[in-house]
Amino acid sequence: MAKKKKRGVSPLLVAILTIVAGCAAAAWNYVSYVKTKYEGDHPYWSRQAYLQLDPNSLEHRVAEKVLGSDTLKAFAASEEQTGTYGTPLSEEREAAAEEPKGTHIEHISAGTYEGFMIVVPDPDDVSIVINPGYTSGAPGPELDWYMKEYKALAGINGGGFEDEGGHGDGSVPQGLVIQNGRIVHGSEFMNASIVGIDKNGKLVTATLTGEEALRRGVKEAVTFGPTFIENGKVVYTSADAGTLNMLNPRTAIGQTEDGTILMLVIDGRGPTSFGAQYEDVIDVFLKYKAINAGNLDGGNSSVMMYNVEYANYPVSMYNSRNLPSVILVKGEE
């Protein structure tokens, strides 16, 4: 008597089940991504991301299903009520062109990135602060420590530091560091790409020796680079980029002809913001009519706080890294 063949699972059924499981996993991941994006720990980023959504888009529909339409309506109403950004971006830009206002933060976006620009009309409100324990080799504090210690309205990370293997603690800065009109790291003969502020509140973005910087009246400065714009002219060339000009998180600073300071942080290495190249950063500053602009430490170090909250999504899982220097905006006394 012939034995009956054992019937296994049909290959077609396996394929169908695999596809169904894959679709379910993708849907779950997408829902989790939407929930994190709009209920995450960085409300400035979340609010602006929501306000930029097309009401007819898939993401808007998913957000409504996951968070509830009432929550999102309250989200938008709260944004307009607090006036942190004034009106939604398109209207805010028009209003900004018509009516000057004090220090404020603006959401920016383009094809590969999202980020924020802090606009500071009075350059005297901006200062570069260095790790208070640098002489003893102590790790640099995190940005929120600097913010609280100096009662700042806003802040971004500053110059570079020794960061072998990505494990630097902000204790040893790179290049020239100038504080209170004197060189505290480096020497008068060292040549470096600096971002500094002179005694007249002018942003200095140039490659200078320590001696040249002091002769130009620089009272505080840190080192990174490259310089993007100097005295109204784009001085950056592709030769300055080396191997670093990939899509990455970016931090940079600029100044317009009327003295307004522009502090920029662009997110990167994330699902909604891959990052920016140097050319992208230059385009942003040109749009804001900067006459001087320079690059600061980026990547894992890129971080921005505004009004005691993190504005961007830092790559570092702990929000801010230990930083050797920061650039702060003075808060109310």
Completion exercise
Of the listed residues (A206, A221), the one being of a type in the set (A, V, I, L, M, F, W, C), over 20 Å from the mean Cα position of the chain (by Cα), assigned by TED's automatic domain parsing to the domain that holds P314 and outside any helix (DSSP H, G or I) is A206
Exercise for the section: Determine, yes or no, whether T256 is closer than 26 Å to L176 by Cβ, crowded, with 16+ Cβ neighbours inside 10 Å and without any contact (Cβ under 8 Å) to a residue 40 or more places away in the chain. Expected result: yes
Exercise for the section: Name every residue in the stretch 285-297 that is surrounded by fewer than 24 Cβ atoms within 10 Å (Cβ to Cβ) and in contact (Cβ under 8 Å) with a residue 12 or more places away in the chain, in order of residue number. Expected result: L286, Y288, K289, I291
Exercise for the section: Quick one: in the stretch 229-253, of everything that is under 21 Å from V326 (Cβ atoms) and out of contact with any Asp or Glu (no Cβ under 9 Å at 6 or more places or on another chain), which residue is surrounded by the fewest Cβ atoms within 10 Å (Cβ to Cβ)? Expected result: N248
Exercise for the section: List every residue pair whose Cβ atoms sit under 7 Å apart, with the two residues 6 or more apart in sequence or on different chains, where the first one lies in the stretch 266-280 and is touching a residue at least 12 places away in the same chain (Cβ under 8 Å) and the second, anywhere, is assigned to a loop (DSSP other than H, G, I, E, B) and among the basic types (K, R). Expected result: G275/R269
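The values are calculated or read from the model by the stated rules, or taken from the named source; none is laboratory data. Just so we're clear, the structure is a prediction, and the values are computed from it rather than from any experiment. A quick note on method: Cβ atoms are made from the backbone with ideal geometry, for glycine too, and the neighbour counts reach across all protein chains shown.
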